[in-house]
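The values are calculated or read from the model by the stated rules, or taken from the named source; none is laboratory data. Nothing here was measured: the structure is a model prediction, and the numbers come from that model. When we count neighbours, we look across all protein chains shown, and the Cβ atoms used for this are built from the backbone with ideal geometry, even at glycine. SASA here: full protein model, heavy atoms, side chains in, ligands and nucleic acids out. Shrake-Rupley method; radii C 1.70, N 1.55, O 1.52, S 1.80 Å.
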2 protein chains.
Amino acid sequence: MKVGILTIGNELTSGKTQDTNSSFIVREVNRQGWEVAMMMAVGDDTPEIGKALAHILAAADAVIVTGGLGPTADDITTDAIAAAFGLKLYTDETALEKIRQRFAKRNYHWTGNNAKQAMFPEGAEPIANPVGTAWGFSLKRDGKIVAVMPGVPVEARQMLTDGVIPRLRREFPHAARHVAVKIIKLSGIGESSVDQILAPVDFAGMGVALGSYPNFPEIQLALTARDADQGTAEERVRAAAVAVTEKLKKHIFAFDGDTLEGVVAALLTEKHLTLAVAESCTGGLITDRLTDVPGSSLFLERAAVTYSNLSKSELLGVPEEVIGKFGAVSRETAILMAEGVRRIGHTDLGLAATGIAGPSGGTDVKPVGTVFIALADGRTTVCRDFLLAGGRRRIKVAASQFALILLKDYLSGHEHG
Amino acid sequence: MKVGILTIGNELTSGKTQDTNSSFIVREVNRQGWEVAMMMAVGDDTPEIGKALAHILAAADAVIVTGGLGPTADDITTDAIAAAFGLKLYTDETALEKIRQRFAKRNYHWTGNNAKQAMFPEGAEPIANPVGTAWGFSLKRDGKIVAVMPGVPVEARQMLTDGVIPRLRREFPHAARHVAVKIIKLSGIGESSVDQILAPVDFAGMGVALGSYPNFPEIQLALTARDADQGTAEERVRAAAVAVTEKLKKHIFAFDGDTLEGVVAALLTEKHLTLAVAESCTGGLITDRLTDVPGSSLFLERAAVTYSNLSKSELLGVPEEVIGKFGAVSRETAILMAEGVRRIGHTDLGLAATGIAGPSGGTDVKPVGTVFIALADGRTTVCRDFLLAGGRRRIKVAASQFALILLKDYLSGHEHG
């Protein structure tokens, strides 16, 4: 089965926004064992939307449309699709009620034009939006399906997996082949190095497709196998994952939907270890990532963002002489920060990062991107140093990544007691 | 003038690679004052390439094509375009010689199929590739231009600015119009309310296009005007911005490239005020955002992420009895956190946030999303409470936004001294 993708919005053609939905949809469609016939993006323009639909449906069995379902005047997707097929609109009372309830629950101000989001072309089946007010819909015409979702990425992703893909599977029951996918997440290595290291592996010969998706500070490898038999597809992916793991073991930090902070949180919780964090150059980002994990209050006692030298002394007990002699960005300071925050937090572990995020503050000896990361457990304190490339945000993100990796490596090889 | 973009390659439809060329081309085309009519992506498929070209050229004056110019068998773009217009291929001797020289200089192995990269449709003008072996070309048919570039991003970017854009400017000398754009950033209001409030403003009558782009927790409004005269375009946008500001003043926090944290940082720096932050539910995110701004060490003294009740007492001096009586998530605790962190940080201002980010921890009286934000300046302490919707990350992001807005509002209306 062939699927086309149509993205609608002036923000795309004006260059205001980059389309991130298409690549996600392409991935999901391919995961089903279906083919992507083409992708198109047009502005909020009724005749162009109609022509685009006709062009895509001439080559594909289904088209997935995103964008232009909002309540405002420039959101014309529903109207344009109805016009393209000569259909009138109707109001779906269930959708209207759910949207109203969503507004009431959040004390949002209900305006008349919100009712527009419960209107669909005649014959369309609404698709619920669990994370927003713009409902989607699917429409069957001449044996082909038009499925429409909002453009907001978080809403589109949810609706694609919960609503659109199941509906397409239902409409085209014989098109689906079994698919097995394994995502492997890597850090601390470049994409071209990964490519070179994996070059000798004959993935095609294993019946597996390899996709590589850099998503700083990570690289995600996707191993995909399709077969009439689910077990066979899974077995192939498993074998390929073993081959990748053999070659890239030390760079792998998570699989599938897991995040680095999620893996660290699970290890801390499982081992009943508590953590305190002292951050300088990362400015709170390490703690922000850890507290994104539900239940992080079980292990995270406190964190100190010690931006000034005084705060490093007062809060963490780093002697002023150490900072004076070695600098706030030094191995010595990093180690004392980790030990200090562990002590004041009464925790099992203390994690610290200090560095120069730039753009100013660098010297010949300690250029921008110099970062020291230390981990103290009350017996020993380890410290690693890094020279990170890029702008301020990129250095913060990379430093937080290496701090969490240091913690993960420690926890993976460590038995508490 | 209208330009279409066509990206060619199975790696795009299979999800192996993400298209990064289109967004770059969109931006450059818009910078010229031209419009992007549409974007398309198709696989390496001769009939589909032909149909895509026809579809785009029905709506656009020119099409910029990338991908499929390499030496291998699946690189069929040149053949497909020649076939679409019924043209034969010819070898350009200059291009052939340059490609040969490039191979010789780098000691690359010359294979027969490399000569393919010097072949173009009859009537096409070759476009040199300064950074690779795949030359591009442009072709004029019925007053419309087809410009073709390789898919490798670094080569496509170079050829676009050096070869394709100048050629399009030469072919359409009267098409270039000047563009003025103003971005207005809003917070604390929904997209549909913005739409309704601005409905009475006749932007079209002012010669300005209004775009609305929700980007949680912000809404960005883009005002765009095009004119033969740059001054006129800018004047129109300025007038429209005044109209928007009049209606939405209290929700506007920044313009153009400015961020909320950047505006707050500039105000603190300008007023020579120092800040300490105490975070609970936001987990470090407020401080992370502030420290994204270069030079934030000028005003940010320290921050404490006091996740445990003990840390609130020990670090910030919030009495255990207050937490026991009113709860860690309460107006009383928020106020004492702000005052406490200001005191220990020896700063002019103390900012604090405490709340329930969920998914667990909510009660009937204090459901998930309850957040208190307090700001202390040594004379008075203000506290605002919020009931925020969404998942854990969304609540953290919204809480950090409202904390920074509270700070910005205070600084905007405040003279130090």
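Here are some notes:
- Karplus-based coupling profile of the stretch B:309-321, in residue order and whole Hz: 5, 4, 5, 5, 6, 5, 7, 10, x, 6, x, 4, 5, with θ = phi - 60° in 6.51 cos²θ - 1.76 cosθ + 1.60 and x standing for Gly or Pro.
- Binning all Cα-Cα separations of the stretch B:267-345 at 10 Å, short to long from zero, yields these whole-percent fractions: 19, 49, 25, 7, 0.
- With Cα atoms as the point set, the stretch A:133-175 shows a radius of gyration and Dmax of 10.9, 33 Å.
- Proximal aspartates and glutamates to A:Lys144, defined as alpha-carbon separation beneath 16 angstrom and excluding residues fewer than eight positions away on the same chain: A:Glu35, A:Asp61, A:Glu122, A:Glu125, A:Glu171
- Cα convex hull volume per residue for the stretch A:191-324 (Å³): 160 Å³
- Chain B: relative contact order as a whole-number percent, Cα under 8 Å and 6+ apart: 10 percent
- With only the Cα atoms considered, the protein assembly as shown has a convex hull volume of 188 Å³ per residue.
- Partner aspartates and glutamates whose Cα lies under 13 Å from the Cα of B:Lys366, excluding those fewer than 8 positions away in the same chain, are identified as B:Asp385.
- Each copy carries a label point for A:Ser193 at 7 Å from Cα toward Cβ; from one copy, the others' points are 4.9 nm away, ordered from shortest.
- Amide H contacts of A:Arg141: A:Val146, each under 5 Å away and 5 or more positions distant or on a separate chain (H built 1.01 Å from N in the peptide plane; Pro and chain starts excluded).
- Degrees, to the nearest 10: B:46-57 long Cα axis against longest axis of chain B: 70 degrees
- Each residue of the stretch A:152-157 is assigned a 3J(HN,Hα), and the resulting list reads 4, x, 5, 6, 4, 5 Hz, derived from the Karplus form 6.51 cos²θ - 1.76 cosθ + 1.60 (θ = phi - 60°), x at Gly and Pro.
- For the stretch B:1-94, the relative contact order comes to 35 percent (Cα pairs under 8 Å, sequence separation of at least 6).
- Sparse packing (at most 10 other Cβ atoms within 10 Å of the Cβ) combined with a DSSP loop state is found for none of the GluC sites (Glu not before Pro) in the stretch A:136-231.
- For the stretch B:44-116, alpha-carbon Rg over 2.2 N^0.38 Å: 1.32
- In terms of the mean number of neighbouring beta-carbon atoms within 10 Å, the peptides A:392-402, B:308-318 order highest first as A:392-402, B:308-318.
- Percent carbon-and-sulfur accessible area, chain A, ignoring ligands, DNA and RNA, probe 1.4 Å: 51 percent
- In degrees, nearest ten, helix A:260-270 long axis to first principal axis of chain A (Cα): 60 degrees
- Folded to 0 to 90 degrees: helix B:230-248 orientation relative to chain B principal axis, Cα: 30 degrees
- Across peptide B:289-295, the average count of Cβ atoms from other chains found within 10 Å of a residue's Cβ is 6.
- Looking at the stretch A:328-384, the trypsin sites (Lys or Arg not before Pro) that sit in a DSSP loop and have at most 10 other Cβ atoms within 10 Å of their own Cβ are A:Arg379.
- In chain B, helices alone account for a calculated mean residue ellipticity at 222 nm of -11500 deg cm²/dmol, with every DSSP H run of four or more residues adding -39,500 (n - 2.57).
- Pairing chain A with chain B buries about 5300 Å² of accessible area. This figure sums both sides and uses a 1.4 Å probe.
- Over chain B, equivalent-ellipsoid semi-axes from the Cα gyration tensor in Å: 56, 26, 19
- Other-copy label distances relative to A:Val365, 7 angstrom Cα-Cβ extension, nm: 5.7
- For the segment A:268-276, counting C-beta atoms of other chains within 10 Å of every residue's C-beta and taking the mean gives 1.
- Peptide ranges A:90-99, B:219-228 listed from the most packed, as the mean C-beta count within 10 angstrom indicates: B:219-228, A:90-99
- Relative contact order of the stretch B:298-417: 19 percent, from C-alpha pairs under 8 Å at least 6 residues apart in sequence.
- Across the stretch A:378-417, Cα-Cα distances exceeding 11 Å account for 70% of all pairs.
- Annotation note: GluC sites (Glu not before Pro) in the stretch A:324-417 located in DSSP loop regions with a Cβ neighbour count of at most 14 within 10 Å are A:Glu415.
- Straight-line cross-link partners of B:Lys185 among the lysines, defined as a Cα under 24 Å from its Cα and at least 8 positions apart when in the same chain: A:Lys16, B:Lys247, B:Lys249, B:Lys250, B:Lys271, B:Lys396, B:Lys408.
- Inter-chain Cβ neighbour count for A:114-121, averaged per residue, equals 1 (cutoff 10 Å, partner chain atoms only).
- Inter-copy label distances for B:Glu321: 4.2 nm (label point placed 7 Å from Cα along Cα→Cβ; shortest first).
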